[in-house]
Each structure stands twice: as structure tokens, then as C-alpha cells.
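The block underneath contains the structure these notes are about, expressed in C-alpha cells.
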Amino acid sequence: MHIPESLQDLANSEAVQFLKRPKTIARSLAGVFSLIVFSSVLTDGYQNKTNSSQLRCVLNSNNAGCSFAVGAGLLAFLSCLAFLALDAHEGRTTTSRFKTAFQLLDFILAALWAGIWFVGFCFLANQWQHSPPRQFLLGSSSVKAAITFAFFSILVWILQAYLALQDLRNDAPVPYKRSLDDGGVVVTSLSPLSATSPVNTPTTGPHSLSYTSSALSPHLTTPKAPRLTMMPDT
């Protein structure tokens, strides 16, 4: 294991450079926000009334609200961990198609999670607004924290979608090159024929006509008209 000799070496290390990336910071924030949402609702989101021992959701006694917050928060947290692990191995991938597919998947999932958290925030805020005051002794502060960080999750997932879109735009397409070694076909353009290199070799003989291929020459010559001469009268 290499121990850095100075703080400059530590700052220039791959681990520190990876942690300083905007995408890594955005994923870390999204994971922390998701963790706060589902842990807050999971610990204090289910309470019982003073006159009953049955556990109910603090959000207007609607168990769907607490279940949504716990499920969405847990899945988003696991998604952030998975993409952080893939980001750590992104530099080792040499296939451009895999890299482009990963960036496209990152953009689609980030936009999808931004939409899910937007719907979830509206749903949780609506259920909390319709909850009777002082119905439960505990759980109000935890639910408020979950609603607040659900709103923050919308912003951070939008940021992730923007960063993924920037990576797609900045990733220059690699031109597809073919060579003779790879079994490709090389197309060459034919240069115009010069007048000094005739195509057809003239044949000479006692009964053969000698001619030149002036039709294939780039400089065509126009035939001259015959001259009319006046014969003197005798």
C-alpha cells in the first residue's frame, strides 16, 4: 500500500479526485437525503393513538404514505450506492459503447427519480396537511424532516440528470475506421488520365491503321474544316 509522502500527494490521489467530482458529490447527497427520508419515517413514522395500541402512520393515518417514503428512500439509497460503485470503475472501461450506454442509463434513472420524488413530496405534504393536529404524541418532527429532504431530493436528482446529460454531450463519438487488416474495403478515387499516357497502344503493321486514343484525353482537339481553293481557268 502506497502511503502519500505529503498532503499534495494525498490531494492528487485518485481517491480524492474521485470524491471531488461533481457527480460523486451529487450522488452522495442524494444517498444521504434518501437515507434520512426512509429512516425518519421508519423509526417514528408509525405511532399509536392514546386510546389504541394499533400502530398507524403519522401521515393522516394513511399507511400508503409511510410505505411510499420508506420504499422510495431505500431504493434511491441503494441506487446511489450502485452508481457510485460503477463510477469508481468507469475509468477502467475501454468500450465506448458500454460507456455511452451507462451514461444514457444514468440520465434516464436520474430523470425518473426526480419525477418520483416530486410526486412523493406532493403526496407526503398533502397527507401531512390533512393530518389532524395532536393526533399522535410523537413522529411529527420526523415526518417534517422526511418531507423536507424529499424536496431536496428533487433538486439533487435534477442535478444528476443535468450532469449525465453533459457527459453525453461531451463524449465525442469515435469514428469507425476500417483497414485492409480488419477486412475493410479501401475506396480510392481515380485520377484523370493524362495526355502523355495513352490507354490503347497503337498497333502497327502493313495492313493496320495507326491511331491515338484522343477521345480519352482530357484535352480534346476539334477537327479542322477542309479549305476550298480556287483553280485558275485555262
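The values are calculated or read from the model by the stated rules, or taken from the named source; none is laboratory data. Treat the numbers as computed from the prediction; the structure is a model and nothing was measured. Cβ placement follows ideal geometry from the backbone for every residue including glycine, while neighbour counts extend to all protein chains displayed. Quick note on the areas: whole protein, heavy atoms, side chains included, nothing else; ligands and nucleic acids left out. Shrake-Rupley method; radii C 1.70, N 1.55, O 1.52, S 1.80 Å.
Brief remarks on what is shown
- Only listed residue being of a type outside the set (S, T, N, Q), out of contact with any Cys (no Cβ under 7 Å at 6 or more places or on another chain) and open to solvent by 60 Å² or more (accessible area, probe 1.4 Å), chosen from PHE149, PHE136, PHE118: PHE118
- Tabulated pairs, the range 94-113, first more than 14 Å from ALA161 (Cβ to Cβ), second open to solvent by 80 Å² or more (accessible area, probe 1.4 Å) and aliphatic (A, V, I, L, M), C-beta under 6 angstrom, 6+ apart or interchain: SER96/VAL174
- All positions within the range 139-171 that are touching a residue at least 12 places away in the same chain (Cβ under 8 Å), within 13 Å of GLY115 (Cα to Cα) and aliphatic (A, V, I, L, M): ALA150, ILE154, VAL156, ILE158, LEU159, ALA161
- Test: residue in the range 89-103 that is buried (at least 17 other Cβ atoms within 10 Å of the Cβ) and in contact with a Gly (Cβ under 7 Å, 6 or more places away or on another chain): no
- Residue in the range 72-91 that is among the aromatic types (Phe, Trp, Tyr), touching a residue at least 60 places away in the same chain (Cβ under 8 Å) and closer than 27 Å to ILE158 by Cβ present: no
- Of the helices (runs of 4 or more DSSP H) entirely within the range 1-113, those holding at least 1 residues that are under 18 Å from VAL143 (Cβ atoms) and at pLDDT below 90 occupy 22-44, 63-88.
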